[in-house]
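Everything on this sheet refers to the single structure shown next.
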Amino acid sequence: MSTARGFLAEFREFAVKGNMIDLAVGVIIGAAFGKIIDSLVKDIIMPIISFILGGQVDFTNLFWVLKEPENYTGPRSYEAIVEAGGNVLGWGNFITILINFLLLALVVFMMVKAVNRARRAVEREQAVAEAQPEPTPDDILLLREIRDLLKK
C-alpha cells in the first residue's frame with residue numbers, strides 16, 4: 001500500500017510542477033493558435049489567391065480511380081467514390097493540403113519574424129537604458145562642491 005501512496009505522491013509532484021503546467025498551457029494555446037492560423041490561410045489567404053488566379057484553388061476533386069466500386073452509378077467525386085468502396089488515388093487533395101501547409105508555414109514564419117524583431121527592439125532599448133549612467137544624487141554633488149571649496 002505504501003508503494004501506491006508513494007507512486008501517487010510522486011505523480012502529484014510531477015503533475016503540479018511548473019514545467020508540466022507550462023507545457024499544458026502551451027499545448028492549449030498552441031491548439032487555439034493553430035485554429036487561428038488555419039482560418040487565416042483557409043478564409044483569407046486562399047480566397048485572395050483564388051481571386052488573383054481567376055479561379056478556384058481547390059484540387060480536391062483531382063484524382064485517379066484505381067478500382068471502381070462494383071455497379072457504381074453515383075457522382076464522380078472523390079468523397080462519393082471512396083464512400084462507395086472504390087480505391088482512389090487522391091493526388092489533388094494532397095496538392096491542396098500541401099499548398100495550405102506551405103501558406104500556413106509562411107504565415108507562422110512571418111509572425112515569428114515579427115515577434116523576434118519586436119523582442120530585439122525591446123532588448124536594444126533595455127541595453128541603452130542600462131548603458132546610461134545614473135545621474136549623481138544632489139547630496140553627492142553638494143559634498144563634491146564642499147570638497148572642492150575646501151581644497152581652494
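Do any residues in segment 86-106 that are farther than 18 Å from I36 by Cβ have Cβ atoms under 8 Å from those of residues that are surrounded by fewer than 17 Cβ atoms within 10 Å (Cβ to Cβ) and of a type in the set (D, E), where the two are at least six apart or on different chains, and which pairs are they?
Sorted first by the residue in segment 86-106, then by its partner, the pairs are G86/E68; T96/D58.
Here is a list: P75, P133. Which entry is of a type outside the set (A, V, I, L, M), more than 24 Å from I49 (Cα to Cα) and either modelled with pLDDT under 85 or out of contact with any helix residue (DSSP H, G or I) (no Cβ under 9 Å at 6 or more places or on another chain) (or both)?
That would be P133, the only listed residue that is of a type outside the set (A, V, I, L, M), more than 24 Å from I49 (Cα to Cα) and either modelled with pLDDT under 85 or out of contact with any helix residue (DSSP H, G or I) (no Cβ under 9 Å at 6 or more places or on another chain) (or both).
Is there a residue in segment 5-14 that is in contact with a strand residue (DSSP E or B) (Cβ under 7 Å, 6 or more places away or on another chain) and more than 17 Å from F101 (Cβ to Cβ)?
no
The values are calculated or read from the model by the stated rules, or taken from the named source; none is laboratory data. Here the structure is a predicted model, which means the values were calculated and not measured. Note: ideal-geometry Cβ built from the backbone for every residue, glycine included; neighbour counts use all protein chains shown.
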